[in-house]
């Protein structure tokens, strides 16, 4: 008997470390969403994964605290349905705990946020916001059902509709299998989701809508929420593009992710175009000195003049420079007609241009033509502008091309681009009716 107990103990220990068996992660230990997605499918704890996603919007989020809150709720639901395996009973118990006030939930219930039908608020996008405010969206309300059901081991799985998530209890032959969290957990037939949202038949056939998602596919779909957060609230298109591509790497049937990736490429092209413009302005500001170049007339050519009957003393240009300004106390020296004409036409020059050049063949200074220098500087500036245009222009054109390709892919799979808000309003009204009457 003693040996048998030892053998059983060994078998238990071995089974605990059996790599072929996977159980959901029980505790958050600092994993990133990429590391969670790399886990085996059955090892993923949906609640922890959703809270890790929430850290993008709430960097100081205490994941273990909200994980404790989820366990607290699960511990209060579990005794209400202990030993009951009927799916209808289980769903009813969950709905009662979440949506009907009573001793079982300390009178605290959850409801749909009618003031944010598009789920623009971070509280309506992430699980911790729903737990804290008790108001949510189709994203967070269905999320809580899934998180709690996983902790009970119930086969409730996520389903994606057009711009919407709901749950489905997986059991063969079960008629009322769908669970609409925004409608008090009531049942809505699958065909109605497709009809009300206007889902194309090819989208359903291609697995875009109305099929059960795996844990990884569901988390991949939630990555779109994070991508939206970074694009709209953080203005970080690079992070948004990264998350969308990561999402598609785990679920390539998500046509809305393809479409959103195309939109992000278009916005990135616009962003780069704006950066390109600023870079060009920086180059131009670096050559602002071009406007300070003096405007010169061409060097005049000496003209033939009549000989002066009285010889005059001619002050040559180099002598003029050496002597500087004539002394007013001394008799004024006559200036030749040629030199007088020369000095009248010559605009004032910077000192550097008046220096005598090292030119043994010509005693006159050679003044560089500023127009030539200006042309050289302008050519240099235009070369730098062309380099900026070429660098950013290629990227912009590539992004525009990707936008068209990704949106074409979304249309090929099938996609709903517009969704009637009336659908969500009706769901919220059903919740209020359920609270009052206990019926949908």
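Odds and ends about this structure:
- Residue check for residue 166: at pLDDT 95 or above, closer than 30 Å to residue 26 by Cα and over 21 Å from the mean Cα position of the chain (by Cα): yes
- Of the residues contained in the stretch 159-182, one or more are found to be buried (at least 16 other Cβ atoms within 10 Å of the Cβ) and assigned to a helix (DSSP H, G or I).
- Exactly one residue out of 67, 56 is at pLDDT 95 or above and assigned to a loop (DSSP other than H, G, I, E, B), and it is 56.
- When the helices (runs of 4 or more DSSP H) confined to the stretch 197-264 are screened for residues that are within 17 Å of residue 138 (Cβ to Cβ) and not assigned by TED's automatic domain parsing to the domain that holds residue 147, those reaching at least 2 such residues are found at 215-232.
- Of all residues in the stretch 98-122, those being surrounded by fewer than 21 Cβ atoms within 10 Å (Cβ to Cβ) and either not in a loop (DSSP other than H, G, I, E, B) or not assigned by TED's automatic domain parsing to the domain that holds residue 140 (or both) number 5.
- So residue 185, is it over 18 Å from residue 216 (Cα atoms), surrounded by fewer than 20 Cβ atoms within 10 Å (Cβ to Cβ) and either within 34 Å of the chain's Cα centre (by Cα) or at pLDDT below 95 (or both): no
- Listed conditions (1) buried (at least 17 other Cβ atoms within 10 Å of the Cβ); (2) more than 37 Å from the chain's Cα centre (by Cα) are all met by residue 84, apart from (1).
Okay, residues lined up against (1) under 17 Å from residue 37 (Cβ atoms); (2) more than 18 Å from the chain's Cα centre (by Cα); (3) crowded, with 20+ Cβ neighbours inside 10 Å:
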position: 205; (1), (2), (3): no, yes, no
position: 209; (1), (2), (3): no, yes, yes
position: 230; (1), (2), (3): no, no, yes
position: 251; (1), (2), (3): yes, yes, yes
position: 265; (1), (2), (3): no, no, yes
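- Applying the condition of being in contact with a strand residue (DSSP E or B) (Cβ under 8 Å, 6 or more places away or on another chain) and in a loop (DSSP other than H, G, I, E, B) to the stretch 183-196 and asking which residue is farthest from residue 142 (Cα to Cα) yields 189.
- Meets criteria (over 19 Å from residue 74 (Cβ atoms) and surrounded by 23 or more Cβ atoms within 10 Å (Cβ to Cβ)) for residue 137: yes
- Across the stretch 382-405, not a single residue is classified as loosely packed, with under 13 Cβ neighbours inside 10 Å and either touching a helix residue (DSSP H, G or I) at 6+ places or on another chain (Cβ under 6 Å) or modelled with pLDDT under 70 (or both).
- Sub-9 Å Cβ pairs linking a first residue in the stretch 97-123 that is within 19 Å of residue 436 (Cβ to Cβ) to a second residue that is modelled with pLDDT under 85 and exposed (fewer than 12 other Cβ atoms within 10 Å of the Cβ), at least 6 apart or interchain, number zero.
The values are calculated or read from the model by the stated rules, or taken from the named source; none is laboratory data. Just so it is clear, the model here is predicted, and its values are computed rather than measured. Note: ideal-geometry Cβ built from the backbone for every residue, glycine included; neighbour counts use all protein chains shown.
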